[in-house]
Amino acid sequence: MSFHQEHDALRESANRFLIEQCGFERHRQRQQSADAGSNLALWRQMAELGWLGITLGEPWGGMAQSPRAALSLIEAMGAQFVPAPYAEALAATHLLQLLGRPDQQATWLPRLCEGAALGLVAHVEPGARYELDCVSTRADKVEQGFRLSGRKSAVPWGDAADLLLVSARTGDAPGQRGDLSLFVVERSTAGLRFEGHAGIADERWADVILDHVVVPQAALLGPAGEAQDALDGTHAFLVAADCAEAVGTMDAVLQETREYASTRKQFGTPLARFQVIAHRLVDMFIQVQLARSMAQLAASIVDDGPNTSAARLRLAACKAQISHACRFVGEQAVQIHGGIGMTDELALSHRVRRLLAIDRRRGDQFHHLGTLAESVQQGVGLYA
């Protein structure tokens, strides 16, 4: 079986599992229930399938697969309603595997792989406007270790995390690449608070407040002041994950819209028979295929190594095109469905809101176009 066939088979098997466990009816039931037990049960099932450790090394119980394998799973998740921060959890696991000391890895990696704990990265801050190096959280040296003070915004499922990997400045040169460090902060740490809220697609977020949180020296993840490159690589994976999720969601939106237009009749004729509707469906199909190509490019960039200027620019191009496709496909689907396309009772409205959320996540279309325009002005090429 070839490299691509393996990932296609993985995605198809994930589709079969997720349709049963994370379909729209299950999603509605979870929305109406305050019990988080079903979410925990699903997380444990994903662990049993090996998904939580898919990129983790075998010594820790993982499958040691490439990031592309994880992205195949994320595309399948995009077509359903998975109540879990899967990509973000993989990002935290990757950072622990990359930067962690043996004792940190032994403490956390098996638990994360087994679904017994949830780890997340707390990096983005209010007002950062998608800039990765815009971090004002401080980590000051104290007798007990480090004192963390600051605020992190929009951590997915942040208030459910068992540990957070918190970025903070450890030097006296804000904005410099050699000034950023990561710390392992457990949920029970004194001074750690959460402010939960829901996003545009009912996704669960939390702001993390670090009110003079004191952690021991052993909480430092990797060398002090050398976390930026690892965070950049993790961010690249998360951008590729957004692209993969968007493709799965758009494909589901296109299928639902095609089925609706084929069965809904106007003047005794299916909507799909009208030329203007047929053309809109074709335009949606083209955008989905363009997005799929960009998602595959993003996956290959992450596999090959994303920490070069050219790779970052190509990822920006991928996200810009996919953000455009998210809005176009969502808007066309709602217009074809008419008023029913906005109702909560229809899965389509939930999917369209997710597309709008993905458009904004880690940089909207105009942010990434601005990055590309700036590179052109500076004479930096996409394939330098």
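The values are calculated or read from the model by the stated rules, or taken from the named source; none is laboratory data. Just so we're clear, the structure is a prediction, and the values are computed from it rather than from any experiment. No Cβ is skipped: glycine too gets one built from the backbone with ideal geometry, and neighbour counts run over all protein chains shown. The protein model used for the area step is the full one, side chains on, heavy atoms only, and it has no ligands, DNA or RNA in it. Shrake-Rupley method; radii C 1.70, N 1.55, O 1.52, S 1.80 Å.
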**OP:** Among the candidates ILE277, ILE301, single out the residue that is part of a helix (DSSP H, G or I), over 27 Å from the mean Cα position of the chain (by Cα) and among the β-branched types (Val, Ile, Thr).
**Re:** ILE277
Original post:
Does segment 195-209 hold any residues that are buried (at least 17 other Cβ atoms within 10 Å of the Cβ), aliphatic (A, V, I, L, M) and within 13 Å of GLN31 (Cβ to Cβ), and which are they?
Top reply: ALA201
**OP:** All but one of (1) part of a helix (DSSP H, G or I); (2) in contact (Cβ under 8 Å) with a residue 24 or more places away in the chain hold for THR107, so report the exception by its number.
**Re:** (2)
Original post:
If the Cβ limit is 7 Å and pairs must be 6+ apart or interchain, which residue in segment 44-70 that is within 12 Å of GLU114 (Cβ to Cβ) and in contact (Cβ under 8 Å) with a residue 12 or more places away in the chain pairs with which residue that is open to solvent by 30 Å² or more (accessible area, probe 1.4 Å) and among the β-branched types (Val, Ile, Thr)?
Top reply: GLY62/THR55
**OP:** For residues that are among the charged types (D, E, K, R) and in contact (Cβ under 8 Å) with a residue 40 or more places away in the chain, scanning just segment 325-358, find the one that is most open to solvent (accessible area, probe 1.4 Å).
**Re:** ARG353
**OP:** Could you tell me which numbered condition LEU165 fails, if it satisfies all but one of (1) surrounded by fewer than 23 Cβ atoms within 10 Å (Cβ to Cβ); (2) assigned to a strand (DSSP E or B)?
**Re:** (1)
Original post:
Counting just the residues of segment 348-375 that are under 21 Å from LEU132 (Cβ atoms) and of a type in the set (Val, Ile, Thr), which one comes out modelled with the lowest pLDDT?
Top reply: THR371
Original post:
For SER262, all conditions in the list (1) in a helix (DSSP H, G or I); (2) of a type in the set (S, T, N, Q); (3) in contact (Cβ under 8 Å) with a residue 60 or more places away in the chain; (4) surrounded by fewer than 21 Cβ atoms within 10 Å (Cβ to Cβ) hold save one; what is the number of the exception?
Top reply: (3)
Original post:
How many residues does segment 115-156 hold that are in contact (Cβ under 8 Å) with a residue 60 or more places away in the chain, surrounded by 16 or more Cβ atoms within 10 Å (Cβ to Cβ) and not in a strand (DSSP E or B)?
Top reply: 6
